[in-house]
1. Are there GluC sites (Glu not before Pro) in the range 140-178 that DSSP puts in a loop and that have at most 15 other Cβ atoms within 10 Å, and which ones?
2. Which three lengths, in whole Å and largest first, does the range 19-81 cover when its Cα atoms are put on their principal axes?
3. With a ≥ b ≥ c the root eigenvalues of the C-alpha gyration tensor of the range 125-283, is it rounded (a/c under 1.5), prolate (a/b larger than b/c) or oblate?
4. Given 0.36 nm per residue, what is the gain on full extension from E157 to D206 after removing their alpha carbon distance, in nm?
5. Sum up the charges of everything whose Cβ sits under 13 Å from the Cβ of D20, counting Lys and Arg as +1 and Asp and Glu as -1, but leave D20 out.
6. By how many nm would the segment from A144 to L117 grow when fully extended, if each residue of separation counts as 0.36 nm and the alpha-carbon distance is taken off?
7. Just to confirm the filter: which GluC sites (Glu not before Pro) across the range 288-355 are DSSP coil and have at most 11 other Cβ within 10 angstrom of their Cβ?
8. Compute the distribution of all C-alpha to C-alpha distances in the chain, in bins of 20 Å from 0, and list the percent of pairs in each, rounded to whole numbers.
Amino acid sequence: MMETPRTAELLAAYFDLRSDRGPLHARVLCVMGRNLLRGQPIPACQSVTHSTLRYSIRMDAPHLPLIDDPRALPPHDRSPEWAHLCGLTDNWEALPVGDRLRVARVLHKLGFWATLLKLPATGDEERDRHHQRALTRLRHIAEAKLQGDDSGVVPPEMYDDYAATASDEDAPREERVSAAVNLAVQHGRSDRDPKKVAHWAGAAQDLLVHAPPGSLSLRLASAAWRAISFMPFYQGDHTATAAMLDEAERLAVAAVDRATDDDRVIAVENLRVLYGTRGAAAAVAGDSAAVAGDSAAATAFYRRAVDLDAEDPQTHVTLGDHLVRTGDLEAAHDAFAIAAQLGAPCTRYARERTG
C-alpha cells in the first residue's frame, strides 16, 4: 500500500500564506504573506506556479478546497495574512498602483489567475510605466496559465515593449537588464533562434559588464548571468557556458551569505534554481565529444539542488531522471520514491517512475 503523500502538510502556504515549511516555492509564500501584511514590497522569486498545481494538490489531498479566488475560502478558515489579501482584493479599485501590483503578485503566485483577470485594469496604473508593464505582463501570463500554457516568459503582446525597455538608455539599468534577460530566455525556450538569443543575451551581458558597482542586486546579476549562458550553450561552447554559470554561482552564493532572515528564502531559491541549470548544462556537456566526465558533475549539481530544497519533489525527480540516464537505477528508484512521498505536483509521475 502506497504512503499518503505529504502534500497537505508541505503546501499549506497555498491556503494560508503563513506556513513556513515545505519546499522553497511554498516558503516564498510565507515571506509574501508577511510582507503583504506589513505593507512591504513583494519580493521577486524564481519559481512560477504551474497551471495545474492546485489540481495536483486536490488529487493528493481531496479534503482541501479547489478554489480559484482567495475569497472562496470561508472567513473562519482565513489566516490574518489571507484575510488581509481578501480585503485588499475587495478594495482593489481604491488601491494605489503600488499596492495593486503587490496584490497581483501574490494572487499570481497563489495560482489565482482568474481572480487577477477579473480585477479592473483601469485607474492610476497609467501614471507609472514600470507598474503598468509589470501588471500587464502578469495579466497576459495569467491568461496563458488559464489555457494550461506554462511556457511564456514575455507575452507576445509585450515583446515590443520589452525590446524598447532593454534598449532605452534612460531607463533604470535593473529594468533594462531584466527586459533583455527575459527576451533571451523567451527565445531560448520557444523558437531557440540562435541569432535572437545571442542578440538579447549579448545586450544583457553588456549591461552587466558595464554596470556601476552596487547598481544591480546580487540576485538579479546572478539570474542574468544564468540566463545569458543560453547564448554559448546553444552555440555548443560548453566552456564559456560553464564560465558564465561560475559567475552566476559566485553571485548567488554571495546573495545567500549576505541575506537577512526575510531575504534568505528568496536567495536560497535562486541558488537552487541555478544548480538545476548547472546540472542540465553539465549533462549536455558530458554528452559532447569535447568535454568528458561531466556526467558526474551534473549529478553533483543536481544533488546540491536536492540538499537546498529537500522537500521539493521536483528536485528529486530531476535527479532521478538524470540517474536513469546514467544507468544508476537503484539510486534513481530511491529519488523517485522520496518524490512520491513528498507529493504534488510530482506524485503520479514519481510513482510511475519507481517501476
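1. Numbers: sites: E143, E157, E169, E174, E175; in loops: E169.
Filter output for the range 140-178: E169.
2. Its Cα atoms span 33, 29, 20 Å along the three principal axes.
3. Details: a/c = 1.37, a/b = 1.19, b/c = 1.15.
The shape class here is rounded.
4. On the way: separation 49, 0.36 × 49 = 17.64 nm, distance 2.60 nm.
That works out to 15.0 nm of additional length.
5. Numbers: positive: R18, R21, R27, R34, R264; negative: E9, D16, E81, D261, D262, E311.
Charge balance near D20 sits at -1.
6. Values: separation 27, 0.36 × 27 = 9.72 nm, distance 1.12 nm.
Extra length from A144 to L117 when fully extended: 8.6 nm.
7. Values: sites: E311, E330, E352; in loops: E311.
Nothing satisfies the criteria.
8. Over the chain, the share of Cα pairs per 20 Å bin runs 28, 60, 12, 0 percent.
The values are calculated or read from the model by the stated rules, or taken from the named source; none is laboratory data. Values in this document were obtained by computation on a predicted structure and should not be read as measured data. Cβ sites come from the backbone with ideal geometry, for glycine too, and all protein chains shown count toward neighbours. Keep in mind that these areas ignore ligands, DNA and RNA; they rest on the heavy atoms of the full protein, side chains included. Shrake-Rupley method; radii C 1.70, N 1.55, O 1.52, S 1.80 Å.
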